[in-house]
Structure formats: C-alpha cells, structure tokens
1. Give the relative contact order (percent, whole number) for the chain; include only Cα pairs under 8 Å separated by 6+ residues.
2. Quick one: divide the alpha-carbon radius of gyration of the chain by 2.2 N^0.38 Å and tell me what you get.
3. So what's the Cα pair-distance distribution over the stretch 354-415, bin width 10 Å, in %?
4. Need one number: nm distance between label points at residue 515 and residue 545, each 7 Å from Cα along Cα→Cβ, rounded to one decimal.
5. State the dimensionless ratio Rg/Rh of the stretch 352-590 (Rg: radius of gyration of Cα atoms; Rh: Kirkwood radius).
6. Over all directions, the average projected area of the alpha-carbon convex hull for the stretch 204-283 comes to how many nm²?
7. If r is the Cβ-Cβ distance from residue 443 to residue 251 and R0 is 25 Å, what FRET efficiency results, to the nearest 0.05?
8. Within a 10 angstrom radius of the beta carbon, how do 312, 377 rank from fewest other beta carbons to most?
C-alpha cells in the first residue's frame, strides 16, 4: 500500500478544517466539549505562529494519515461494507490532530496521550484499529510494538480483529503485513500488533510504541494502563489512547481519565501533550443534562449520527427507556455518554419530578395559603391544619454517611400522599463526602436541606431529638426502621413512646412497598417537596429482583447514596401494613 505524500491544491479545504469551522459556526451539531476541542485546535494554530511555542501543525502528516484510512476497506457495519473507509469529518479531525501536530525541534509527535469517548455505534473500534495498523506499518518506527488492551482477551481482540479484516481486504496491505494466530507483523522493521488483556501475565516486559486501551469504562483498576504507560519510556514518540463509553463507577480509571480530559479542554489543566475528544450530552451550571428525549441532544453527542448511528433505532431505544424506567440509565450511558450511578435506574425520574403539587395551609379563619414546599416548618404546619398523621421511615446507614428520616402523609380528600424528608450528615465529613459523592453537601446544609451534626460521625442524639420533635408535633402512626443497625436508638425511641416497627430489608418485606410507591408515582397519587437530596437519592436507586419477581433496593448496584429512598420505602411498608387515621371535624376517621 503506497501512501506517499499527497499533493492538494492550495485552495482545498481539508476535512479537519471543515469540521472545526462547521462545529464552531454551529453548522455541525456538537456538544460543549467538542466545541472546546475545535477551539483548542484553532488557538494552537495561532500559538504556533510564535517562534517560542514548541509545536506546529504538519499538514503533510495529517493528509497522510487521512489518506491511509481511505485506503482501508470496511468489512462490516454501517454505512457501506466493502467500501473505502473514508473518515467522517470528526474522525478526520481526531486523526489529523493526533498525527499532524508535531514538535518544531524534531518533527516528532506532539500528543503522547489522549482520551476519546463517544457513545456506542459511533465507529470507535474501526477507528482505533486503523490507528493501530498505521502505528504498526507506517509510523516510521523500527521495532514498533502496538497493543490493543482491554479487561478480557475477547474484548481486546475487537480492535485487533478489525485490523485483521482491514489487512485481509485492503489492497496490498497483506503483502506488507504478515499474520499469525495472535499477532500481525512487519518483518522488515521487526514490528508487531497484538491484543492483550489485563487478566493475563503478558503485560510485563513490553516496549510499547502505541497502546490502544478499549472499553476503558470496564477497567476496575489502572493495572493495564500503568503497565503500558511505564513501558513507553524508551520510545521516541509513543502514543497511548484510551476509549470507551460512559460507565457507572466514578471510582474507575476511565472516570478519572474523563475528568482529566475535561479539565484539559476547559483550560483548568495545562497539558500540551494530551489530546481530548469527549462526545456527550451537555450539562448546565447546575449539573442538569440536556433533555435526553430531544433528538437535537442526540445529534450533539453522537458525531456519527445519521451514518452508523441510526435515527429510527435511537427513537425505538428512547421510547423503551421512557416506558420502562429500568432501561433509562442504559440509554443515557450507551447513547448519550452520560455517567450514571447504576446500570439501570428503578424510578422513572421524569415522572418523579412531575410528582409535585401545591401544598396548602388552612388558617384558623378558613383561609388557605399556598406554601413554599422547601419550608419544612410551613409544610409541617400545613399537615397539622389537615390533621394528617404521618408514617415515618428511618435509615440510619453508616455513622459517617447520610442518615435519612422521611415522613409520609396519607391523602385526605383531593390531596395526595405527601413525602417530607429530613437528612443528617457529620459536619467534619462534609468536605470528604462532597468529594466522594460528587454532590454539594455544603450548599444543601446552608439551604437547610441537611442537618450537619457535630463531629466525625452522625450524632444520633440529634437524630433522636428531631424524631421526638416531629412525633410530638405530628403524631407518627409508626416509625419503620431497619433492625440491623438501629437497635439502641430504636429502644430509646420506644421508651419515649414512639411506635417503632422493625422492617426487615428483604424481598418479602420491601417488594410490595416499592411496587406500590412506583404505582403512586406513575398514577400521580403522590407528591413531594422537590428536595434535591431526595431527588438525588431516588435517581441512584437500582432494584434487585428475585426469581419470583419480588424487588428491593439494590445497595450494591446503587453505587451512590439511596438512604432517603430506603427510609421512604420503610414508611410505605407501614402505610400498606396498617390502617391509617386522620383527624376531621367529625373526629378521628380510620381509612
């Protein structure tokens, strides 16, 4: 395969230039991070005019890699199997950037590391396979060692298998590159391309020229990355690229890589040797993502939209996510590249957010006042005005984590079930918890949504005092608790006259309560105060299911806090298992 330097007319607009222009002029739909990547390219071109700046853009090298791609033949998938792999504009921008930017001093590659993340079906595996082949045979490197790496060998071979198919079907490439069962070779330069996995012993003793780490979101540790990284020190222009789609663990190596890449693009981190391209749904300043049902959102974060990403298939998947809440998180992760807290969300969060209703306070003179739902004292007084006696649920959790107390008021007349939450966290752990859970505990404390108790653990005397205050004011019909970690406090509360009821945390106890809660939400029979802490908890819940179809909150898969929901489910359990009473002008009425 000949890929000698192509000659183009001076007036030609190169595909990477067309992409940058189209994105920044908003002709091509693109998310914020893609726009930042394009703007960075323009800014760097301007910086390269300064003699003191270390880098320049080599158009010849950029054209060479693009021409190499075009010489490859696609063998599967959309849009045209059997046709040349003509890179889309966004792909041309990525490969031209990685291979076109060089050091002025010696012409060697500027970018040594990079992170490229796109939703599924955007063609990342064929793109990485072509990059790997180029690194094997056309990167002017003697003894080149190229590796595709993943957690499992089968996954690592996806990129390698694409490379094998390119070799087999692309012109005279097979004459230049030999193959064996597990490797591709260029004997003239003593170079090879292999697949490796982090579960095997072959990661030691490498001398990596190019490392391509696929499905990085599945890597639980950074073992594979670090072994590849530390094996590049003797290379002139090594390149390590990571790719994948959003996952569920914010403790994973890929999430840390994502955060680093995002900071490079925003300019918070300065790293001229790091390339970043992040295609994902946008967030506003409050962390809210763009509407996941809006097709314009889909286009902005799927650069291959309309090519390998099919509009009709996306509509089908989105409709399924809308109708089945358990499928929503998968849609967000796989199609919008949004990191979620669990594999599948239990609650339909759109319906949950719509579960708002006005709360009225009846004054002694009969006047009704609509109150602010975040003013908990006013809500408590409103419940008193209707004499709605609440069920309560308590989730003690760990002493260093979030503790939740949730009141559930039964409906009266045209009213709905009402949820009113209270949260507690140890004051000395606020900074740590904010960092680990990635939520603004400090802001929520200032807004009165969470009570910070003194010390490094939740002070249960504060919790006890609040439970007693609320019971004396509102008269709990029952307080549901998890018996596993609340024995001492439960006994104390019983001694103070509160009807404490143990709620076993198994399928038998919780399934009906969870299903009924979901039915209330979908049937618009419940309302809440739009408390952001409870909303966050609700969005984190994943449900476990037994063979009989019973469900319960899955605390292992729900990687972030769900304490408020656990407390709410305990309260719902009491409401289903007991008769409940309200005061009326005719006295106490049992429902």
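A short reminder: the numbers here are calculations on the coordinates, not readings from a lab. Nothing here was measured: the structure is a model prediction, and the numbers come from that model. Because the Cβ atoms are built from the backbone with ideal geometry, glycine has one as well, and the counts that use them run over all protein chains shown.
1. 12 percent
2. Rg over 2.2 N^0.38 Å, computed on Cα atoms: 1.17.
3. That works out to 19, 46, 24, 10, 2, in percent per bin.
4. Spacing of the two 7 Å Cα→Cβ label points: 1.2 nm.
5. Radius of gyration relative to Kirkwood radius: 0.95.
6. Mean orientational projected area (the stretch 204-283, Cα hull): 5.9 nm².
7. 0.65
8. With the fewest neighbours first, 312, 377 line up as 312, 377.
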